[in-house]
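These notes are about the structure you will find just below.
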Amino acid sequence: MRWDAQKTDPALPVTGAEPLLPLAGLLRTVRTPEFAGITFHEVAAKSVLNRVHAGSGMPFSWTINPYRGCSHACVYCFARKTHSYLNLDAGLDFDSQLVVKTNAPEVLRKELARPSWKHEHVAMGTNTDPYQRAEGRYRLMPGIITALADSGTPFSILTKGTLLARDIPLLTAASGSVPVGMGISLALTDAALAEAVEPGTPAPKARLGLISRLRDAGLPCGVMAMPILPWLTDTDEALDGLFAALAAAGATGVTAGPLHLRPGAREWFLNWLSRNHRHLLPRYRDLYGSGSYASKEYTQWLTGRVRYFRKRHGLPAGAGFLRSASTGGEGPAGGTQPRPPGSRNRPGARTAPAQAEPTLF
């Protein structure tokens, strides 16, 4: 990586109409040729551990997000709305205006050394990806992993970034001291579609390879197969291919669920859909209405299909750091559950018994 050619300008403008606010601890704003189109806002954080609100239903109490914004640029990312708190938009700014907590490892080590710290589970990758491309420049995760392991704090990581392979030796060593949960986010195997909806991520084949590398290193590796996109990745062919590939890679568990269209993500995704699959817009509006979640009928239908294909390929439920939302019986495909809206227009769509999926958080 070339550092001598970087451009540094503390007063560099951002794309929004308002100045970048409220961004406490801003040290400098950086653009560098290695990351064309991306602006880094380097900050000195006062705290790194984020307390999860009681009653949220999440299976962990603390999170760490060394970055805000994400160059993976997934069109469906539920975290997009958080950029509006900085007077940045949830679209292009989220993809290209990245906040970097450059002192995260040092601050974390101090926080973990406090007598009040109870060594509760810490989750990473819950808001933005800790192994997005910026991590190759800033190398924050090795210090974070070491600080957690040294303090006796269990942790988990969810990522789409194959840069994680760099830290496999550290993760293996850490797993000898504390429980370590590893999760890879991968919900489709169609390389062309992945490039369209996740343009900044490693290709599905590369992520499958990462799963195998983690397993070869003796680490468990669950998969978060979310989001499944209605009428794009929910066909029998797509689901069968996905679960077959995950089983072949050695995944130790899989959880899957439909797309959520939360504010910020909803507008950005539907704009993408209108440009690339305009014929699906009426179906999505019917399926989601004005809310964030697909209809109960569709969710139950998809859950049944996921359970069928997961069982077919011998994959356990759960991605290693998830809780089960509810339980129920499992049966063969072909039950009496209603079809989702428009399923009669999808080749190979079949009904299956309902079964609630484990859910992230």
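Among 182, 226, which is the only one that is more than 30 Å from residue 285 (Cβ to Cβ) and under 19 Å from the mean Cα position of the chain (by Cα)?
Details: 226 fails: more than 30 Å from residue 285 (Cβ to Cβ).
That would be 182, the only listed residue that is more than 30 Å from residue 285 (Cβ to Cβ) and under 19 Å from the mean Cα position of the chain (by Cα).
For region 208-251, give me each residue that is among the β-branched types (Val, Ile, Thr) and surrounded by fewer than 20 Cβ atoms within 10 Å (Cβ to Cβ). Don't jump to the end; show me each part of the working.
Quick first cut of region 208-251, residues among the β-branched types (Val, Ile, Thr) only: 211, 223, 228, 233, 235.
Once the filter is applied, which keeps residues that are among the β-branched types (Val, Ile, Thr) and surrounded by fewer than 20 Cβ atoms within 10 Å (Cβ to Cβ), region 208-251 yields only 235.
Within region 177-207, how many residues are β-branched (Val, Ile, Thr), buried (at least 18 other Cβ atoms within 10 Å of the Cβ) and farther than 17 Å from residue 240 by Cβ? Explain how you work it out, then say what you get.
Initial filter on region 177-207 (β-branched (Val, Ile, Thr)): 178, 180, 184, 189, 197, 201.
The next check asks that each one be buried (at least 18 other Cβ atoms within 10 Å of the Cβ); those that pass are 180, 184, 189, 197, 201.
Adding the requirement that they be farther than 17 Å from residue 240 by Cβ leaves 180, 184, 197, 201.
Residues that pass the stated criteria total 4.
Among the residues of region 46-62, count how many are modelled with pLDDT under 95 and of a type in the set (A, V, I, L, M).
The total comes to 3.
Just for region 288-319: of the residues that are among the hydrophobic types (A, V, I, L, M, F, W, C) and modelled with pLDDT under 95, which one is surrounded by the fewest Cβ atoms within 10 Å (Cβ to Cβ)?
Filtering region 288-319 for residues among the hydrophobic types (A, V, I, L, M, F, W, C) gives 294, 301-302, 306, 309, 315, 317, 319.
Those still in the list that are modelled with pLDDT under 95 too: 317, 319.
Working: 317: 20, 319: 28.
Among those residues, the one meeting the criterion is 317.
If residue 195 meets every condition in (1) of a type outside the set (A, V, I, L, M, F, W, C); (2) touching a residue at least 12 places away in the same chain (Cβ under 8 Å); (3) not assigned by TED's automatic domain parsing to the domain that holds residue 132 apart from one, which number is that one?
(2)
Quick one: would you say residue 285 is assigned to a helix (DSSP H, G or I), loosely packed, with under 15 Cβ neighbours inside 10 Å and not aromatic (Phe, Trp, Tyr)?
Numbers: assigned to a helix (DSSP H, G or I): yes; loosely packed, with under 15 Cβ neighbours inside 10 Å: yes; not aromatic (Phe, Trp, Tyr): yes.
So residue 285 passes the test.
For every residue, the table says whether it meets (1) in contact (Cβ under 8 Å) with a residue 24 or more places away in the chain; (2) farther than 21 Å from residue 140 by Cβ; (3) touching a Leu at 6+ places or on another chain (Cβ under 7 Å); (4) in the same structural domain as residue 137 (by TED's automatic domain parsing).
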position	(1), (2), (3), (4)
78	yes, yes, no, yes
89	yes, yes, no, yes
95	yes, no, no, yes
98	yes, no, no, yes
107	yes, no, no, yes
111	yes, no, yes, yes
118	no, yes, no, yes
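Tell me which residues, restricted to region 24-47, are in contact (Cβ under 8 Å) with a residue 40 or more places away in the chain and among the β-branched types (Val, Ile, Thr). Steps first, please.
Step one: list which residues in region 24-47 are in contact (Cβ under 8 Å) with a residue 40 or more places away in the chain, which gives 27, 32, 34-35, 37-47.
Within region 24-47, 32, 38, 39, 43 meet the criteria.
Hey, could you check region 214-254 for residues that are in contact with a Ser or Thr (Cβ under 8 Å, 6 or more places away or on another chain) and not hydrophobic (A, V, I, L, M, F, W, C) and say which is nearest to residue 170 (Cα to Cα)?
Per the stated criteria, the residue is 218.
The values are calculated or read from the model by the stated rules, or taken from the named source; none is laboratory data. Since the model is a prediction, treat every value here as computed from it, not as a measurement. Don't worry about glycine lacking a Cβ; one is built from the backbone with ideal geometry, like all the others, and counts go over all protein chains shown.
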